[in-house]
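Written out below as structure tokens is the structure these notes cover.
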Amino acid sequence: MITEINANPSEWKKGVYIASKKEVTLDDEGNEIVIYDKPNEKPYKFNYQTLSADADIAEFGETAKIMKKAVIPISYQGQFKEFDRAYLDGATPNGEENNGDNANYRLLPPRDGNSVIIIFFEKLTGK
């Protein structure tokens, strides 16, 4: 039996919503409450994958098991930042009470290169 492989990279892209971290406020008891902007209306189309490169696994250790990575065009430079919330693996912002409630990943600091940006997503615990 021959296994058919999808070798069309444009079909590897999946929908991604991002809710940008807006501000941090304190409640009556001094606990931080993070406020997020409304996520993008239409999902970005990024090819994100689980971490598998030896260098990534060496850098993140055990955390690598709950992370994903996307390499995106440099044209997105400045649009994403550390601690923004991401909706991956089919998660959407539909029906959430507060912006970012349905997000299942957070962004680590984006890494700008010469022609691409590398984004690491870390799974939020309990999601």
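The values are calculated or read from the model by the stated rules, or taken from the named source; none is laboratory data. Given the structure is predicted, the values throughout are model-derived calculations rather than measurements. Because the Cβ atoms are built from the backbone with ideal geometry, glycine has one as well, and the counts that use them run over all protein chains shown. Side chains are part of the model used for accessible areas, which takes the heavy atoms of the whole protein and leaves out ligands, DNA and RNA. Shrake-Rupley method; radii C 1.70, N 1.55, O 1.52, S 1.80 Å.
Suppose we filter segment 58-117 for residues that are surrounded by fewer than 16 Cβ atoms within 10 Å (Cβ to Cβ), basic (K, R) and either closer than 22 Å to Y36 by Cα or at pLDDT 95 or above (or both); how many remain?
2
Would you please list the contacts, defined by Cβ atoms under 7 Å and residues six or more apart or on different chains, that run from a residue in segment 63-84 that is in contact (Cβ under 8 Å) with a residue 40 or more places away in the chain to a residue that is among the acidic types (D, E) and in a helix (DSSP H, G or I)?
K69/D56
Could you please tell me which pairs satisfy a Cβ distance under 8 Å, a separation of 6+ or placement on different chains, a first residue in segment 44-62 that is assigned to a loop (DSSP other than H, G, I, E, B), and a second residue that is open to solvent by less than 50 Å² (accessible area, probe 1.4 Å) and of a type in the set (A, V, I, L, M)?
N47/A70; L51/A64; L51/M67
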